[in-house]
Structures are given as structure tokens and as C-alpha cells.
Amino acid sequence: MTAPGPTTTPPPAGPVRAGVLSRLAGETLLRLYRGFGYAIAPLLPLLFARRARRGKEDEARRGERFGRASRPRPDGPLVWLHAASVGEMNASRPLVRALRERGLGVLLTTGTVTSARIAATEADPGVIHQFVPYDAPPGIGRFLDHWRPDLAITAESEIWPTTISALAWRGIPLAIASATMSPRSARGWRRMRPFAHAIFSRISLCLAQTAEDAERLREFGAPRVEVCGNLKFDGGELPVDPAALEAIRQVLGSRPVWLAASTHEGEEAMVAEVHEALRGELPGLLTVIVPRHPERGGAIAAGLAARGLRIARRSDDLLPEPDCDIYLGDTIGEMGLYYRIAPVAFIGKSLVPEGGQNPLEAARLGTAIITGPHVFNLLDIYTPLFTAKGAEVVHDTGELAAAVRRLLGDRALATRQAAIAADVARAGSGALDASLAALSPLLPPARDAGR
């Protein structure tokens, strides 16, 4: 079995260089893009207000989205690390810890309300969280004027032309960690190749997940690309509050429990249908639903109650009493608790065509994994899992019910499948060490971690 991981093999070729006319066209397009950013800047408050009404922005921290810092810049070297949302932020945690161990301050930016709430639990005062500003001047300028990072690192596939050009103009190196480019994204960039070259040629270092990603990044002019693997494989076990875990285990006793993790709209109704199909066969069955976006908890609870299901919401500080059908985990930062009480988990965003969610958190905690077929955003993780038979694919509620029934009814099977998944997770590790080695020339001088 081959899992994604770091490689020390030198790249077979350098970046593809654009011709003079292509470079001129690319620079012109980039200037037009920045000009468009200036033109739409007065409309961005309207976009913010619309997103805030939908719960997608934090009104109290509005200024951050326009580059107005809510915290002072700390003294000393500072690395700006951007992670788009919860998945990228969790994957970046080992890198953040490594940077802090080197005595570097870390400015962590994200773009979602949920990720900001999780970041608020960060205990290290050397890690400052801000919402990332919109990719338009003058907000980006205000942001960089205030924070003056020595190095910028962004996770996976976050490509923002104005930000990239502003960093390059100021001489601030930019690295892409766990860099990925899907065939679909590559096709899109090829349609505007000069523009792509103008952007990617300004990125100092791309730490590609796979050789295929590296090849595509070089195609668009990235000057330095190294294959380092996927940082998601280097994450540790999710934390848990021992008292909370013991309390819920005492209430559950020997009840059969399964988890629907990181569900998206449409999947909760499918999960409820599975519960209704199985509760007659599995007396005392408890289904735990943890939506990817906890703010949807009220709407999910109302929909489940309308089906006649008995619900307890974690956000109400309730425990699943014996008559509870669905335990709704609409809280922040407790996935480690939910995985530890469920021997079987369906990983969401996969029965709807949204691209899947990271299954490695479940794998590390000994949970048998079920997923839908729509995992196109995470094929580098799911492919070795499927090859080793460490995860099961289902296509509809009937197949999901059958898989849950089988795994809850045969604990030896569930344990064996979970052990295979854990082996795959371990086999893919190593990206952190490879990434740090590649980043070393770009890192600012370290100082004592205690300062």
C-alpha cells in the first residue's frame, strides 16, 4: 500500500517559464484585477452585511475583514499562517506548534465563523487569530502595514491574487503548505495561463502534497516546488475533556451508538431515515449528529423533531437520556468527544456532492469509517483508505443503514476496519518534518520560545 507522504526526490524539471508577450499579458491582467478590487471595495460592506445576516460573518469583528486589526502586533519575528476554514486550520496545528517551539510568533487567519470560535480556545498567547481580510485593496494594504509578517504561509489551495502581489511587492516570502491543484483547477487556470503565471511566479515556495500536484504547480510558473506530503496525516488525536467523556459514557452504558460527523444540509434527513430504519433491530440505538456548521443546530433540531424523533442538544448542556433518539452535537471543539463514544462513524459532506471531509480524525481514534461517494476534494486521503479496505463507501440511505447495521453488529469487523484506517493514517505521516526542512531558509531568525 502506498500512502501520500514526503519525498526527497529532486523535481524532474523547473518551472515552466512564460514568454515575453505572455508575461506582459499576465502583468496587465493582474493590474486589471487589482483595479477591479479598488472598484468593488465600496461594495464589500454590502457583501459583509449579507453574509452576517446568514451567520457567515462576525459583526463584532467586522473591521478585521477590511484589514483593521483588533490586536497589536507582538514584538519579534512573526509568521502569518492562513487556513481557510476548520479543516485547514486543524491540519495546520502541528505546523503552528513547530513554529512556536522555534520561538516565532504566529498570526493565524481564517475565513469562517466556526474556525474563529475554535481558534478562540487556543491557549498559546503567541498565537493571534484574526479574520482574513477580503482580497481587495486597500484592506490588504492596511493588514500588511499593521502586521508586517516576516513570512506568509497559506494552506492547500488558497490563491488570492491581490494578496500574493502585495506580499511580493513588499518582499515578504510566501509559501503554500500542503499545496494541491486538482485536474479541474488546472483546467481552469489553463484558460487564463498568462494570469496564472503572473500569480504563481510570485509564490516563493510550494510544498506540494503529491508529485501530480507539483507538476501542475510548475506548469503555471511556481519557481520552487517540493513534494512534502499532506499535513493532515501529521495531526495528533483530537483532545477531549475527560470529565465530559466519563459523564456521557456513564449515561450511555451499553447502548449501540453511531456517529454522523461533519454533516451538511440534506444529510441530516438521510441520517434520521437510517435511524428510523434501524431502531427496531437495534434496541436503544443512539444516533449522534454533529453538523459541520453548529449554527444550523436549531434548524436541524426542528426538522428532526418534526419526524417525531426525541432529541437532546449538546449546546443545551443535555446528555442523551435512555429515551433519546438523536444526540445533536451542535458545539464547537468537541469532535474528540463524539468520536470516542461511537465505534462507527459516517463522515459527511459525501452523500451530497460537496467533496468530503477529513476521515483521519476518526481513524486516529479507532472509529470505523463510512463515507458517501463524493470525496473528490480528499482523494489523496481516501484512495489509500479504500485500497486497504479501511473505509466503506455507501451511495444512499439503504446502503448506509446496511453498513451501520453490519459494523454495529460485528464489533470485530468494526475494530479490524478501524485498525486498518489507523495504519493508513500513520503510514502517510512525515509531511511536517519535510515541510519544516523546506521552509527553513525562509523562516525568520528564531528566538527563545520562553520570550
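Inside region 128-151, can you point out the residues that are assigned to a loop (DSSP other than H, G, I, E, B) and within 18 Å of the chain's Cα centre (by Cα)?
Val132
Using beta carbons and a limit of 8 Å, which pairs, at least six apart or on different chains, have the first residue in region 56-77 and without any contact (Cβ under 8 Å) to a residue 40 or more places away in the chain and the second one surrounded by 15 or more Cβ atoms within 10 Å (Cβ to Cβ) and not in a loop (DSSP other than H, G, I, E, B)?
Matching pairs, first to second residue: Glu59/Ala52; Arg62/Phe48; Arg62/Ala52.
If you go through region 410-436 one residue at a time, how many are open to solvent by 20 Å² or more (accessible area, probe 1.4 Å), among the small types (Gly, Ala, Ser) and more than 25 Å from the chain's Cα centre (by Cα)?
Total meeting the criteria: 1.
Residue by residue through region 114-127, note down the ones that are outside any loop (DSSP other than H, G, I, E, B) and either closer than 25 Å to Pro441 by Cβ or open to solvent by 20 Å² or more (accessible area, probe 1.4 Å) (or both).
Once the filter is applied, which keeps residues that are outside any loop (DSSP other than H, G, I, E, B) and either closer than 25 Å to Pro441 by Cβ or open to solvent by 20 Å² or more (accessible area, probe 1.4 Å) (or both), region 114-127 yields Arg117, Ile118, Val127.
Could you identify the single residue in Leu439, Leu400, Leu407 that is in contact with a strand residue (DSSP E or B) (Cβ under 8 Å, 6 or more places away or on another chain), of a type in the set (A, V, I, L, M, F, W, C), under 21 Å from Ala208 (Cβ atoms) and open to solvent by less than 30 Å² (accessible area, probe 1.4 Å)?
Result: Leu439 is the single residue among Leu439, Leu400, Leu407 that is in contact with a strand residue (DSSP E or B) (Cβ under 8 Å, 6 or more places away or on another chain), of a type in the set (A, V, I, L, M, F, W, C), under 21 Å from Ala208 (Cβ atoms) and open to solvent by less than 30 Å² (accessible area, probe 1.4 Å).
Does Val79 satisfy being part of a strand (DSSP E or B), closer than 22 Å to Arg148 by Cα and either out of contact with any Ser or Thr (no Cβ under 9 Å at 6 or more places or on another chain) or at pLDDT below 95 (or both)?
When the stated conditions are applied, Val79 passes them.
Which number in (1) open to solvent by less than 50 Å² (accessible area, probe 1.4 Å); (2) at pLDDT below 95; (3) in contact with a Phe, Trp or Tyr (Cβ under 9 Å, 6 or more places away or on another chain); (4) not β-branched (Val, Ile, Thr) marks the one condition that Phe66 misses?
(2)
Out of region 98-113, which residues are open to solvent by less than 10 Å² (accessible area, probe 1.4 Å) and part of a loop (DSSP other than H, G, I, E, B)?
Residues satisfying the conditions are Gly103, Leu104.
Listed here are the residues, each with its yes/no results for (1) within 19 Å of Gly67 (Cα to Cα); (2) touching a Pro at 6+ places or on another chain (Cβ under 9 Å).
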| residue | (1), (2) |
| --- | --- |
| Val113 | yes, no |
| Gly126 | no, yes |
| Thr154 | yes, no |
| Ser185 | no, no |
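Those residues that are open to solvent by 10 Å² or more (accessible area, probe 1.4 Å) and without any contact (Cβ under 8 Å) to a residue 40 or more places away in the chain, I need them from region 199-212; list them, please.
The answer is Arg202, Glu212.
From Glu219, Glu226, which residue is open to solvent by 10 Å² or more (accessible area, probe 1.4 Å), in contact with a helix residue (DSSP H, G or I) (Cβ under 8 Å, 6 or more places away or on another chain), more than 30 Å from Gly37 (Cα to Cα) and touching a residue at least 24 places away in the same chain (Cβ under 8 Å)?
Just one listed residue meets the conditions, Glu226.
Quick one: what pairs do we get from region 152-169, first residue in a helix (DSSP H, G or I), second open to solvent by less than 20 Å² (accessible area, probe 1.4 Å) and among the β-branched types (Val, Ile, Thr), C-beta under 6 Å, 6+ apart or different chains?
Cβ pairs passing all conditions: Pro161/Ile199; Thr162/Ile140; Thr163/Ile140; Ile164/Ile199; Ala166/Ile140.
Looking for whichever is of a type outside the set (A, V, I, L, M), in contact with a Gly (Cβ under 9 Å, 6 or more places away or on another chain) and modelled with pLDDT of 95 or more here; the options are Gly398, Gly428, Gly372. Which one fits?
Just one listed residue meets the conditions, Gly372.
Which one of these is modelled with pLDDT of 95 or more, in a helix (DSSP H, G or I) and over 24 Å from the mean Cα position of the chain (by Cα): Leu24, Leu46?
Going through Leu24, Leu46 in turn, just one is modelled with pLDDT of 95 or more, in a helix (DSSP H, G or I) and over 24 Å from the mean Cα position of the chain (by Cα): Leu46.
Applying the selection to region 351-371, what residues are free of Cβ contacts under 8 Å to residues at least 40 places away in the same chain and not in a strand (DSSP E or B)?
Pro353, Gly355, Gly356
Where in region 379-434 are there helices (runs of 4 or more DSSP H), lying fully within it, with 3 or more residues that are closer than 30 Å to Glu101 by Cα?
411-427
Select from region 180-192 the residues that are assigned to a helix (DSSP H, G or I), open to solvent by less than 80 Å² (accessible area, probe 1.4 Å) and touching a Phe, Trp or Tyr at 6+ places or on another chain (Cβ under 9 Å) and list them in ascending order.
Answer for region 180-192, where residues must be assigned to a helix (DSSP H, G or I), open to solvent by less than 80 Å² (accessible area, probe 1.4 Å) and touching a Phe, Trp or Tyr at 6+ places or on another chain (Cβ under 9 Å): Ala186, Trp189.
Can you tell which of Trp169, Trp160 is of a type in the set (A, V, I, L, M, F, W, C), open to solvent by 20 Å² or more (accessible area, probe 1.4 Å) and more than 23 Å from the chain's Cα centre (by Cα)?
Trp169
The values are calculated or read from the model by the stated rules, or taken from the named source; none is laboratory data. Keep in mind that what you see is a predicted model, and the values were worked out from it rather than measured. Ideal geometry is used to build each Cβ from the backbone, glycine not excepted, and the neighbour counts take in all protein chains shown. Just the protein is used for accessible areas: all its heavy atoms, side chains included, with ligands, DNA and RNA removed. Shrake-Rupley method; radii C 1.70, N 1.55, O 1.52, S 1.80 Å.
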